[in-house]
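The values are calculated or read from the model by the stated rules, or taken from the named source; none is laboratory data. Predicted model, so just to flag it, every value in this text is computed and none were measured. All Cβ positions, glycine included, derive from the backbone under ideal geometry; neighbour counts span all protein chains shown.
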Amino acid sequence: MIKLCGFAVSNYYNKTKLVLLEKGIEFSEEFVVPSQDESLLKRSPLGKIPFIETEHGCLSESQVILEYLEEQYPNNPLYPVDIYERAKCRELIQHLELNIELHARRLYKEVFFGGSASDETKAEVKDRLEISLKGLVRLTKFSPFILGDTFTAADCVAWLHLSMVGIATQKIYGVDMVAQAIPEIESYNKAVENRSSAQKVAADRAIAMANLMKK
Ligand SMILES: N[C@@H](CCC(=O)N[C@@H](CS)C(=O)NCC(=O)O)C(=O)O
């Protein structure tokens, strides 16, 4: 059985969990926080989460995990059948992670963890996000799912990352840049949140967030 390791505040952890739930794969969860402990580095090379434990060994990097699960468990496929459409789905995922989430992540220390981001960082991230969110609009349909009428791997990524980016930009810039760039975001979130998989991820995330805030 697959074991998912990490914690439910992480958008990358929740992405992987949503994939497992959507595909109907049996799994268990182990609470693991990122660290540079030798014991963790043996399981995840940079001490990051999420990673999974498989019958063959550990695997890190959420996108690699997603692809592994898709190949190992072909039921309930999360990619389109058509090869070009499949590539477009991967293009969108890469855009979301490299050009949007990784930039916004530089704000998270201030937004979620009581640290601070410099004015220079905030300005740089804002410039990047303005360009990248316009690019996202060119790649997406939001009707009702991100690539059209079928829920895909790109939704497992977008729903989680875009909510973090929305919260972070609202807090730092006083404007939710995701909502500003994507008028359909509210109805999109509703469409995803109609799914029992997303409801389970959101409920577990709320508990994990509340526990984090208590500390
Ligand atoms: N590219 C990685 C990103 C994972 C990641 O950044 N995880 C964060 C938690 S959301 C983490 O472990 N951070 C600790 C660190 O960067 O050392 C993936 O897709 O799994």
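Quick notes
- Criterion (touching a helix residue (DSSP H, G or I) at 6+ places or on another chain (Cβ under 7 Å) and hydroxyl-bearing (Ser, Thr, Tyr)) met by exactly one of Ser187, Ser197: Ser197
- Meets criteria (more than 14 Å from the chain's Cα centre (by Cα), more than 26 Å from Val33 (Cβ to Cβ) and among the small types (Gly, Ala, Ser)) for Ala191: yes
- Among the helices (runs of 4 or more DSSP H) confined to segment 117-215, the ones with at least 2 residues that are at pLDDT below 95 and within 26 Å of Ala8 (Cβ to Cβ) are located at 196-214.
- For His95, the conditions (1) within 24 Å of Ser163 (Cα to Cα); (2) part of a loop (DSSP other than H, G, I, E, B); (3) out of contact with any Phe, Trp or Tyr (no Cβ under 7 Å at 6 or more places or on another chain) are fulfilled apart from (2).
- Top-ranked residue of segment 42-63 - restricted to ones that are more than 8 Å from the ligand (Cβ to nearest atom) and surrounded by fewer than 13 Cβ atoms within 10 Å (Cβ to Cβ), ranked as nearest to the chain's Cα centre (by Cα): Pro45
- Taken over segment 89-111, residues that are free of Cβ contacts under 8 Å to residues at least 60 places away in the same chain and within 14 Å of Ala168 (Cβ to Cβ) amount to 5.
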